[in-house]
Amino acid sequence: MSPAQPKPGEILVFLIRRDTVCAECGRELYHNSMITLEKERGALCLECADLDHLEFLPSGDAALTRRAVKHSQLKAVVVQFSRARRRYERQGVLIEPEALERAEAECLEDAERRERQRERRRIRDADADQRYIATFAERILELFPNCPSTEARAIAARACRKHSGRVGRSAAAKVFDPQAIRLAVTAAVRHRYTDYDERLLAGCDRHQARQMVQPVVQQQLNNWSAAETARPPDAP
Ligand SMILES: [Zn+2]
């Protein structure tokens, strides 16, 4: 986001990092003061910019911010430059005090309704997880038709837990590609149908343990694959 390109009608206010002076009244403005920047005049304090009657609402409460901004005729977006991320970041908004009061009242009124909405969202997300697991299990059964469906579902559930935190839903397609499915199934077989875990616990080197159980893993994968579509052994 460039501070030079506010949305139409949007006033930008900057939380400054370096001390400066108001170009109009000459007041000293210290670190974390709010200013506007005008092309001709430079930094202006909020009094000189005629914004000092507005109230600062920090970012964090999305519903309150959305409502307060909607009710406020005059409003400004407050940004600060992040040195670490090298970009301007939104800190909050300046809005008319009456707009904030109205927004707070509205949020109090329907707090319960919004809690129910959040609950519905949680349920929707859980449904999405269930669909993901079902799709993953179907793919497993396409590649390994003789794999018991309860087994396929258990493997899919495990893969879902593993991925839900790390890849977004948009990346799910990638997770469903045959290679990813094969890896998930291979790992599951290794853990459930061999003594791989015991070997690890006994202090066996991971690479070596994999090699030792590989014939058992491959045998199980072959059993689960349809005879006519049996594939050459995959590397562990
Ligand atoms: Zn001033």
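Where a number appears in this text, it was derived from the coordinates with a stated rule and is not lab data. Because the structure is predicted, anything quoted here is derived from the model rather than measured. Glycine gets a Cβ as well: all are built from the backbone with ideal geometry, and neighbour counts include every protein chain shown.
Using packing as a proxy for protection, rank 14-22, 96-104 so that the peptide with the highest average count of other Cβ atoms within 10 Å comes first.
96-104, 14-22
Would you mind listing how long the chain runs along its three principal axes, going by Cα atoms, in whole Å with the largest first?
For the chain, the Cα extents along the three principal axes come out at 84, 41, 34 Å.
In terms of the ratio Rg/(2.2 N^0.38 Å) built on C-alpha atoms, what value belongs to region 11-109?
In units of the 2.2 N^0.38 Å rule of thumb, it is 1.14.
With charges only on Cβ, +1 for K and R and -1 for D and E, what is the dipole size of region 11-109 about its Cα centre, in debye, rounded to 20?
Dipole of region 11-109, to the nearest 20 debye: 800 debye.
So what is the relative contact order for the chain, in percent, with contacts set as C-alpha pairs under 8 Å and at least six apart?
Answer for the chain is 13 percent.
Taking the Cβ of residue 140 as the centre, find all other residues whose Cβ is under 10 Å away and add up their charges (Lys, Arg: +1; Asp, Glu: -1).
That works out to 0.
Quick one: net charge of residue 105's neighbours, Cβ under 12 Å, K/R +1, D/E -1?
Combined, the nearby Lys, Arg, Asp and Glu give -4.
Provide the net charge surrounding residue 59, with neighbours chosen by a C-beta distance below 11 Å and charges set as Lys +1, Arg +1, Asp -1, Glu -1.
-1
Tally the DSSP beta bridges in the chain and give the antiparallel ones as a percent, rounded to 5.
85
Can you compute 3J(HN,Hα) from phi for each residue in region 91-101, using the Karplus curve 6.51 cos²θ - 1.76 cosθ + 1.60 with θ = phi - 60°, rounded to whole Hz and x for Gly and Pro?
Once rounded to whole Hz, the list reads 9, x, 10, 9, 9, 5, x, 5, 5, 5, 4.
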